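Below: the structure, in structure tokens.
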Amino acid sequence: MAEVTIRQFADDVKIPIGRLLAQLGDAGLSAKRADDKISETEKRRLLSHMRKVHGKDTDKSVNQSPNKITLKRKVVSELKVPNSQGRAKTVQVEVRKKRTYVKKHREPVNKEPVAQRKVEKEPDRQQRRPEGTPANATEQKARRERNSRDTGRGRRSPKTEAEKQQQPNRGAVRTNRPDSDNKSGASAVRNKNSETTEKSSERTTTVKDSAATQKPRKRYTNDAKRPGEAVRQAPKHRRGVNEKKSGEERPKEGENPARKRRRRRRKKETDTGYSGTKNQTAKRQEEEQKKPKNKQKRAPEKPQHGAFSRPTSPIVREVSLPESLTVMELAQKMSVKSAVLIKTMMKMGTMVTINQRIDQETAAIIVEEMGHTPKLLQENAIESGLIQTGQQIGERVPRAPVVTIMGHVDHGKTSLLDYIRRTKVADGEAGGITQHIGAYHVDTPKGTVSFLDTPGHAAFTAMRARGAKVTDIVVLVVAADDGVMPQTNEAIQHAKAAEVPLLVAINKIDKPEADPERVKQELVAKEVVPEDWGGDTMFVQVSAKTGEGIDELLDSILLQAEVLELTTVAEGTATGVIVESRLDKGRGAVASLLVQSGQLKKGDILLAGKEYGRVRAMLDETGKHIKEAGPSIPVEVLGLSGVPSAGDEAIVVSDERKAREIALFRQGKYREVRLARQQAINLENMFSQFQTGQINTLNIVLKADVDGSVEALREALVKLSNDEVKVKIVASGVGGISESDVNLAVASNAILMGFNVRANVNAKNLIDEEKIDLHYYSVIYEAIDEVKKALSGMLAPEIREEIIGLAEVREVFRSPKFGLVAGCLVIDGLVKRHSPIRVLRDNVVIFEGELDSLRRFKDDALEVKAGIECGIGVKNYSDVKVNDQIEIYEKRTIARTI
Ligand code: GDP
């Protein structure tokens, strides 16, 4: 744009030339006369000057934001609404109110919080507006006047004619108010509703002016009283289309006539002199017109705050169901009252209490019944997931067999193990005392054999009772000079119950009185037949004293292992089984672990049963620190959180957090497992378990005072077996009930029977712990009788049909509601609504089915007794005739006895 004269420029921006010259003077520009030219640079300087001046205004207005108080109020009330079950439900309704009061000088209290918010926004908007595009005439005028005052306060010289005309006879103090009024009027154009906005803006201006004129604050406050009037006084056409108040034309009551004149003059000037900014003003008006609309939109939302909107349709929830939960928990999950849930369950035919545990399946049915979606949760999902990831994938390679040595006391088990360890285990400690970690391995030229160094049946069965199958081969030690003894028998029983192959070591053959043949014969009687006699059990003659036959024994073990084709995955993360564990004073929980697959490394995170932890140290059977152990290698690990049980499975997991979660989960579940087991081996429960097809064999561990009693009882009990139920004497023996017997009973899911014998203290503790069913007898017949009873329960009950009533059809009629109805007289017994029926014609069954309806007069009946008339509708049968008979029967299950 080329240079223009000041006159042209004033014309362009639609302001009086005098005012423009004054502004140029303020901006420090040289052009003084109307015909002087103004360059583009000069125009910019003027613009930046104007912005600067405006910016100051804004700052001040921000600082002068009014004081305000916000009050909050909370009202809580209750609302009763019916829930999905039609029961009244109380809903708490909380209404929160927030009011902001703005304190103003001599102003009425403002109760419009929204308007108040606008107060704070207003200065920003003013600040954002470019100086070169004045918002409206009044505002620009106010600004211009301020400028002129700021610059010419002392000298008064730069006042132009136009200004003088505009502000005649006005002192420094009085200049404030008209400005304020105008400003307020302008704001009123923007938003007639935001009265507070106008007040605020007005005050901002006033404060500034007041500061500029150095007038006392009192004066300001007097002036500030008037802005309220300003809104009313603002010209109607400038207040926008929505403006309805006619305050501007209406002379204000008691208004000074001089002021009125001034106001009119200002209005005139505004209408003419600044009409050039119409476009801007129109835009602003449009904007402002929108705002009240928004406000109007928001307004109705206000009462909705916190209000309760009643759902129009039933809420269908996805209810996640764990494996078991209480009725109360289920009710909470469905967001219904427990009573409603119990009622629903009662309708479904189940009587439950609020704290009763129900299983997942039942819960799912109820959830569906109540219109929600059940989501079945697998509680041990993490566990099974983890164990799956722990499963070894890879090439399976042959592994060393794990051997347990069993046998009667003093037959040489310890001597045999010691001899092997002493002679075969490398780095055996001097004096024959080696690290006792419950297991060790022996390397032979033909392969490695791992021995579980826990002779005795208790340890073996204790592991088996926990579900761990650690042992691959049982070596039964029988002294050649002593033969088969009670504990030899027991060992055979244990091995057979565990279905582990047996290998017999006839020990002490160095002794002159040794008679291996006699041992063989005795063992054959126990169904352990040597290979050379046509059986499948290997017999090896050894001497733990001289070492004779030990190599042969190891060879036989390896041969047996080959037959068993024992393989495992040797790479990857380790899995194993806890052989032994104890709490060491100095080292904490110490667990002996037999690695079964993969490689166990120091630093691995191990999850063993209910315990977990990082493997801090790992020792082998000789007490040496090692860094890793492969399959069939026993190691001692330190660092577990607690003492795991022998037989617990141990796996290496990648995440300690997960390991802890599972360990805690298992700790919680342990009780449940024990409770479940308690039920499984209870003689009284056998019947119900048999009914569900869980058991058809009654396992008994029998102990008696003398061998005669054992044999007599054994025979009598086994004879009770029939085609459906079997009695199996898992183990029998002479003597008190020991821990080993209890373990065997646990492992075999058997009941314990003591005939004239009692359990020892250890066994008693274990019985209590494992909740084993123990029975003492002193009369053989009593024992037999009780088992007989248990078996009677275990026999599949007989289902018998019983006719409970007979009705004769006297009349047949059609009912529009029920179809064909037979008017009957009950001649015998009673008619039940839900019992199956038969229709007889001349004593021949012509239809079998059920009732559709049973009515007494006009009411539904559940049962009708003999001699009473009733209406019977037969389901799916419409051929009932007069004189037909309707037979009502029931199927009854009758327990059978032997
Ligand atoms: P355990 O109770 O089955 O562990 O039997 P031990 O290993 O404690 O042995 C009991 C006794 O039998 C000890 O005094 C041993 O010295 C002895 N003994 C063990 N094996 C032999 C053997 O092969 N020959 C001889 N002569 N004595 C043996």
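List of remarks:
- In this structure the amide hydrogen of L638, modeled in the peptide plane, comes within under 5 Å of the amide hydrogens of R616, A617, none closer than 5 places in sequence on its chain.
- Charge dipole of region 581-670 (Cα centre as origin; +1 on each Lys and Arg Cβ, -1 on each Asp and Glu Cβ, all else neutral): 280 debye, rounded to the nearest 20.
- Residues whose amide H lies under 5 Å from that of V569, counting only those 5 or more places away or on a different chain, are V397, G598; hydrogens are built 1.01 Å from N in the peptide plane.
- Interchain or long-range residues, amide H under 5 Å from F451's placed H: V403, Y440, H441, V442
- Karplus 3J(HN,Hα) series, Hz, for region 610-624 with 6.51 cos²θ - 1.76 cosθ + 1.60 (x for Gly, Pro): 8, 10, 8, x, 8, 5, 7, 8, 9, 10, 8, 5, 8, x, 8
- Projecting the Cα atoms of T568, A608, P634 onto the charge dipole of region 505-647, computed from C-beta unit charges around the Cα centre, puts A608 farthest toward the positive end.
- Placing R0 at 22 angstrom, the Cβ-Cβ distance between A525 and E715 gives a FRET efficiency of 0.90 after rounding to 0.05.
- For V95, neighbours were defined as the other residues whose beta-carbon sits under 9 Å from its Cβ, and their charges (Lys and Arg +1, Asp and Glu -1) total +3.
- Approximating the spin labels as points 7 Å out from Cα along Cα→Cβ, the H775-to-R99 distance works out to 8.4 nm.
- The gain in end-to-end length when the E656 to K80 segment is fully stretched comes to 202.3 nm, 0.36 nm per residue minus the alpha carbon separation.
- Charged-residue dipole, Cβ positions (Lys, Arg, Asp, Glu), region 690-841 about Cα centre, Debye nearest 20: 1020
- Couplings for region 535-551, taken from phi via the Karplus curve 6.51 cos²θ - 1.76 cosθ + 1.60 with θ = phi - 60°, read x, 10, 9, 7, 10, 10, 9, 10, 9, 6, 7, 8, x, 5, x, 5, 4 Hz in order; Gly and Pro are left as x.
- Spacing of the two label points (7 Å from each Cα toward its C-beta) at E323 and T353, in nm: 2.4
- Computed lengthening from T444 to R814, 0.36 nm per intervening residue step minus Cα-Cα distance: 123.8 nm
- Which listed pairs, of K80/K375; K817/K881; K446/K469; K585/K624; K496/K771; K347/K865, have C-alpha distances above 22 Å, in listed order: K80/K375; K446/K469; K496/K771; K347/K865
- Only protein heavy atoms count here; under a 1.4 Å probe, L825 has an accessible surface of about 30 Å².
- Mean Cβ count within 10 Å, highest first, over the residues of peptides 861-874, 636-649, 843-856, 718-731: 636-649, 861-874, 718-731, 843-856
- Local net charge near E78, Cβ-Cβ under 13 Å (Lys/Arg +1, Asp/Glu -1): +1
- Under 19 Å from the D705 label point (7 Å along Cα→beta-carbon), backbone N, region 744-770: 753-761
- Rel. contact order, % - alpha carbon contacts under 8 angstrom, at least six apart, region 777-862: 18
- Computed over neighbours whose Cβ is under 11 Å from that of G447, the net charge equals -1, Lys and Arg +1, Asp and Glu -1.
- Solvent-accessible area of M370 with every protein chain in place, 1.4 Å probe, in Å² to the nearest 10: 30
- Available extension along the chain between N762 and D35 is 249.5 nm, counting 0.36 nm per residue and deducting the alpha carbon span.
- Against the criterion of solvent-accessible heavy-atom surface with a 1.4 angstrom probe, R96, R421, R810 sort, most first, into R96, R810, R421.
The values are calculated or read from the model by the stated rules, or taken from the named source; none is laboratory data. Predicted, not measured: the structure shown is a model, and the values here were computed from it. No Cβ is skipped: glycine too gets one built from the backbone with ideal geometry, and neighbour counts run over all protein chains shown. Accessible surface areas use protein heavy atoms only, side chains included; no ligands, DNA or RNA. Shrake-Rupley method; radii C 1.70, N 1.55, O 1.52, S 1.80 Å.
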